[in-house]
Structures are given as C-alpha cells and as structure tokens.
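Chemist: Following this message is one structure expressed as structure tokens.
The numbers here are math on the coordinates, done by the rules we state, and not lab data. The shown structure was predicted, so the numbers you read here are calculated from the model rather than taken from an experiment. Positions of Cβ are generated from backbone atoms using ideal geometry, with glycine treated the same way; all protein chains shown enter the neighbour counts.
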Amino acid sequence: MTASRLDSAGSLTAETWKTLADSLRRYADRPVVERLVEVALSWTAARRVVLFVKEREGWVAAAAAGDASGGPLSLPEPVPERSLASGGVIWLPLSSEGEIHGFLGIEGVAPGEADDLGISLGSLFGAQAGAYRFSRLVKEAEFEVKTRLLELESLYDLGLSLSGQLEISSLADEVLFRSISLTDAGKGTLVLFHEDGRILSERNLGGEFLPVAQVREWKLPEGEVVVNNAAASVPTAGMKLLSCEKCLAVAISVGGRRLGVLAVADKESRDGGVLDFTNADARLLSLFANQAGAAIETARLHREAIEKERIERELELAAAIQREILPRALPVVPGLELAAANLPTRQVGGDYYDVLSLSQGRVGFLVADVSGKGVPAALLVSTVHAAVHLQVDEASSIADLVGRIDRHLRRYAATRKFLTFFFGVLEPESGKLRYVSAGHNPAILLRRSGSIERVESTGVPLGLLPDAAWREQSLQLDPGDLLALYTDGVTEAVDEADEEFGWSRLCEAVEEGRERPVRELCDAIMGKVADFAAGMPQYDDQTLLLLRRT
Amino acid sequence: MSEACKIAVERRGDVAIFWTDGYINNQGGEEIARQAYSQLDSGARALVMNLEKTRIVNSIGISILIEVLEKVMDRKGALAFCNLTPTIDKTFRIMGLAQYAAIYPTQEEALRAVAPAG
C-alpha cells in the first residue's frame, strides 16, 4: 500500500489523489468532520478513526468513525508536532500554512505506516481541517457580533417596552428575564421596595439566592455594579448569599432613592460550569437597572395620578349628590325672611340644610352636619334627606321625627357615621318655634333689641347611641328677631395662624348686619369668614341658614 | 415559570413536536438537543418546536439550538419554531436561527408548513 501512495519523490501519486478525491465526493452530503473520518476509515482500512479539532477552549473530539468498543481515545499530551504512533494509535497532525488545525487518531493500522499516512492524509486533510476550524471561528465571531447586536437591541426594546409598561409585575419580569438571558446567568432576582421599605415586588428565576428580607439593608454602592466572582465564600456588599457561586448585583435608584435591587448569579458555560461575570455583563446590568429605575418611577407616578383622579371623581360625585339635595331656592313665606349659603370645600363634606313648607302654614327648617367627608358622607346626607321628606308628615312631633330619622339611619345607612341635626318648626303668624337640636352647634338668636342668646343642643347626635332620646324645646320669635343656624365649618374656619373664626366673631358678624335684609346679611357673614380665612384651604363645608321674623 | 426546562415530545409520522416549558439555557438546550437527535436518529424528518411556555432563552441555549438546526439541515430535514414571545422571536431573528428555521405564529401553521408536499 505504501508504495502505491507515494511517488519516487515521496509525494502523493496522481492515483492516490484521485482515490482520495473520489472518497471525499462519496461522503459529500456529510458534515466536513464526519466526511474526513469516514474517508480516512475507508481509505486506511483502520478499525477506528477519530478527529480532534482545535477550538477556542482547546482540542475537542469533533467526529469519530469505526469501532468504538475500545473506549474513548485521548489526544497525547503534549500534542505531537509530527506523526506519532502511541498505544496502538497513529496520531497524524493535520496542518496547513504551518499551523496544526487538527489531529487524526487512526487505530488498528501498522505503526510503520505512520509517515506514509502522515504525508498523504496530513497534507490533504490539513487544509480541510483548517477550513473547518476557521469556519467555526468565523461562526463564533459572527455569534459574538450577533450577541452584541442582541444586547443593543434588547436595551432599545426594553426602553420602549418599559416606557409603556405600568404594571409593576410585568415590568419586573421584563427587566429580570432580559438581565438573566443577556448575561447568560443561571438565576436572577429582582426586589422592589415601597417608599417605607416594605417589599413591593419580588421576582425570582432559577431559585432564590438573595435573603430578600435583608436586601433593604444591603450595602450596595449607588450607581455601581457589584461583581463578586467569589460569592460562594465571600459576602457580597456585606451580605452572605445563598446557593450561588458568582454574582452580579446593582441597586435600582432614582434621585438617590433606593427603589430596589437587581441581581443575577452563576453565569453559565457551554460545558455546564460557572464562568466569571465580565465587565461587559456589569455594564449591561447597570444599564438595565437604570432603565428599570426610570420605568418604575414612571409607573409609580402613573399610579399616583390614577389615585388622584379617582379621588377627584369621588369628590365630583359627592358634590353632585350634595347639589341635588340642597334646595335650589327657598320658599317665600309671608312674615318670614329666609336666606342660606353653602360653601363646599374641596373635600366635599356632609353639610345639609333644607326648608320645608308644612301644613297649616308652618315652616320646617333644618341644618345637619355628617361626620366624615366624600361619597360616604354625601350618601348619608342623601339618606337623611329622604328620611326627613318621607317622615315629616307622619311624625307626631319633632322629637318623634328625629327619633324616626335616627332609627332609619341605624337600619338603612351603609356606613357607621353620625350627624348633628337641628330641626325646627315655626308658626310664622304666632312666632312660636319648636325645635330639637341633636348635638348641633349652638344656634344664635339675635333679638330685635340686639341681645344674643345661645340656642343649645337638646340631645346627642343622630346615629351615635342606640337608645337616645331628644327633648323638644320651644321659644318665641318676635318680629325682628333673627335665628342663625350654621355648621362648624363656619366657626372652625382657620386663618394663616391656624386661629379659628369662632363663636364670638360669628356673633359680631350677625350683630353688625342686623339691620340689613337677611340675604345681604348672609352674604356679608360668609364674606367675613372668607376674609378671615384669607385664602387658606378649609377642611369643612360652611353652611349658614338665617331666619328673621318680619 | 419552572426553574428547570421541561420538554415534552410527541411523534406524528415523520414529524416530532416539542413543547418546552422554562428557561432554554445550557441544561434546557442540552435536553432539547438530546431528544432532537434521538428523534432524528429514529427517522424524524421534521422538528416543530412549540415555545409557548418559554419566556427566556440565553446565548448558550441559542447556540445549542443552532447545532440542532445544523444537524437537521445536514440530514435535509426541517426545523420550525412556533408560539414564540415577541422577545424570543426577535432574538432568534437576530441570532440567525430564523435564517434556516422557519418561525410560525401557531403550531398548526408550523405543522402545515413542514408537512410533505402533495
């Protein structure tokens, strides 16, 4: 065989070239490395052929053919620079352009054929192995370039995606999954905090390795990524991690506020080992953390805006309820001057006033103030309004009416609230006034003479005690006498120094305008309260109802 | 999503359908490759990989899928992916997997595409 492969000058004969070329053509549909070992096997009639190719990480068995029952073949170390017969295997370096690209291990041929095979296969296959190896390197380089492109695209996509993502859990998944996949980490954790330090969101993939309860106290430097490639034995930023070998961690912050922590661990290698995290990984994680911080802040602001909008809607609803309930105009009653004002605050409360024309020319009037604010208070006012209008003709007395309203509230009101309630009935002709004041502020009775009397409460507020009873009182209103009912929003209006308008100022204001028509007086009193408050925000509705017997 | 990637395989004629559930990383990729080679060795001509329950793939998982693709192409077979998340879809396109393996929105479309002509 040897003589037929080489000519007298020791080069391959034309016949040998042809045979080899034919063999290569026969296996043309096989991958390059398989083709080489198949050709070598058939051409040398060996028992087994194995091909080692130089990869980035070292020599790797790329293909084998023949009988493998003898167990795996190992490339000798150090690798031979020329043909070597060792342990029943001939090792042939496959080289081109002076560089060894692969080794063929040929088992089961005579050691004396090593040189001959080396010349014939080594020179022909060297170029093929080189081409294969370089194509692999090109592929790897291409893969690297594509991976970098993927990182850039991911950063861009993440920015786009997060800018429209307002659900914290989806946002956290998006950031965590991309961080893990692009650093080739085996596991990762993203923990987000509320402003008060409570955990807002916790996402894990690949198993927990951060003691989440302690993450808030973690000494992570702001704006820097902590790379700990010895995390299994060395604490990371002062905290011992669980079941990970290497880790990469970064704080998620906005404007110096710590919003959370993003960490990945155990960078995978193709052979199943754990690689060190690189500076490129750290840079990438830092960019993800920055984007996450901005997105989380946006989501938080959005949540606050929605909450604000919800409150605004609720207040509008409460205001609408209140507007529907308060009388649009007061009845015109001979012998009586009536005027009322209601100034709702931004936080709509539960003030209610009403004037009702009753039988036999009598006039019923009331002022009520519900505890609490917003829709619940407005709904309770609505309940009281309905109860008053339903029961007023049925009740045998004012005390009976108040008792009925109290029971109605206990039975039907959706919320456990109470209200102060003044209800009076005036006979305009005689000036006889009967009333019940259920825990309401003392009314002001300004006599024509100028003297002022306090009209005190005659019982507890409605809805407060189960077996409450109210005394009905009466008084005489003579012509020129004026009764002023109000809610505590008037007397408790505050100025810049947080001083209240108070009973005395209200009495003065009533007294000062006692000669004026009650409509003007009502406006003047409300004007004085507004002047006193000087634009300071007020927290309670202000209601004023004036009656003067003429 | 579970920690380890789970693979389910069903053979329909000469088509093998793979359902993945979890992270396609080194472990997940190796498991896919092992089962893919087993299917190819037992005569499967086409592989359809349904990644509906996979939301994350890393570069090692992708390189293993490329090796599977090369093996399928060596054997003149076909490989199709379906039900990819937008992120994985884009990743496959950037990394070159979509150059030789087709991507379909649904499993039905993928199966129709790899079915023998006629």
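Chemist: Between helix A:32-44 and chain A, what is the angle of the helix's C-alpha long axis to the longest principal axis, kept within 0 to 90° and rounded to the nearest 10?
Modeler: Value to nearest ten degrees: 20.
Chemist: Would you kindly state how much longer the chain becomes between A:Asp531 and A:Glu222 on full extension, computed as 0.36 nm times their sequence separation minus their alpha carbon distance, in nm to one decimal?
Modeler: Full extension from A:Asp531 to A:Glu222 adds 106.2 nm.
Chemist: Can you bin region B:6-114 into rounded, prolate or oblate? Criterion: square roots of the alpha carbon gyration tensor eigenvalues sorted a ≥ b ≥ c, rounded for a/c under 1.5, prolate for a/b above b/c, oblate for the rest.
Modeler: It comes out rounded by the Cα gyration axes.
Chemist: Please average, across the residues of B:20-27, the number of beta carbons from any other chain that are within 10 Å of each residue's own beta carbon, and give a whole number.
Modeler: Neighbouring Cβ atoms belonging to other protein chains average 4 per residue here.
Chemist: Hey, another quick one. Cα centroid distance between region B:59-74 and region A:406-437, in Å?
Modeler: 84
Chemist: Oh, and also: If you fit an axis through the alpha-carbon atoms of helix A:518-533 and take the longest principal axis of the Cα set of chain A, what angle between them do you get, 0 to 90°, nearest 10?
Modeler: 40
Chemist: Can you tell me the length gained on complete extension of the stretch A:Ala468 to A:Ala213, counting 0.36 nm per residue apart and subtracting the Cα distance?
Modeler: Result for the pair: 86.6 nm of gain on full extension.
Chemist: Arrange the peptides A:173-182, A:522-531 so that the one whose residues have, on average, the most other Cβ atoms within 10 Å appears first.
Modeler: A:173-182, A:522-531
Chemist: Let me ask something else. Would you please classify the overall shape of the protein assembly as shown from the alpha carbon gyration tensor, given that a ≥ b ≥ c denote the square roots of the eigenvalues, rounded means a/c under 1.5, and beyond that prolate means a/b larger than b/c while oblate covers the rest?
Modeler: prolate
Chemist: Separation between the A:Asp7 and B:Arg112 pseudo-spin-labels, each 7 Å from Cα along Cα→Cβ, expressed in nm?
Modeler: 6.3
Chemist: Using only the alpha-carbon atoms, how far is helix A:14-26 inclined from the longest principal axis of chain A? Give it as 0 to 90 degrees, nearest 10.
Modeler: For helix A:14-26, the angle is close to 30 degrees.
Chemist: Per DSSP H run of n ≥ 4, the term is -39500 (n - 2.57); total these for chain A, divide by its residue number, and report the mean residue ellipticity at 222 nm rounded to 500 deg cm²/dmol.
Modeler: Counting only the DSSP helices, I get -12500 deg cm²/dmol.
Chemist: Let me ask you something else. Taking each residue of B:55-64 in turn, how many C-beta atoms of other protein chains fall within 10 Å of its C-beta, and what is the average?
Modeler: 6
Chemist: Looking at chain B, do any whole DSSP H helices span at least 15 angstrom along their long axis by alpha carbon and average -0.5 or above on Kyte-Doolittle, and which?
Modeler: Qualifying helices, which must be both long enough and hydrophobic enough, are B:59-74.
Chemist: Let me ask something additional. Nearest 20 debye, what's the magnitude of the dipole of region A:152-274 about its Cα centre given +1 on Lys and Arg Cβ and -1 on Asp and Glu Cβ?
Modeler: Dipole about the Cα centre, nearest 20: 340 debye.
Chemist: Hey, got the average number of other protein chain Cβ atoms within 10 angstrom for residues in A:235-243?
Modeler: Other-chain Cβ atoms within 10 Å of each residue's Cβ, averaged: 0.
Chemist: Among the DSSP beta bridges whose two residues both lie in chain B, what percent are antiparallel, rounded to the nearest 5?
Modeler: Antiparallel bridges make up about 30 percent of those DSSP assigns within chain B.
Chemist: For chain A, build the charge dipole from Cβ charges (+1 Lys, Arg; -1 Asp, Glu) around the Cα centre, then report which of A:Gly223, A:Leu75, A:Phe422 sits farthest towards its positive end.
Modeler: Checking the options against the dipole of chain A, the answer is A:Leu75.
Chemist: Could you tell me the center-to-center distance, by alpha carbons, between region A:280-315 and region B:96-115 in angstrom?
Modeler: Answer, in whole Å: 38.
Chemist: Would you mind calculating the gained length between A:Glu429 and A:Ala497 on full extension (0.36 nm times residue separation, minus the Cα-Cα distance), in nm to one decimal?
Modeler: Result for the pair: 19.9 nm of gain on full extension.
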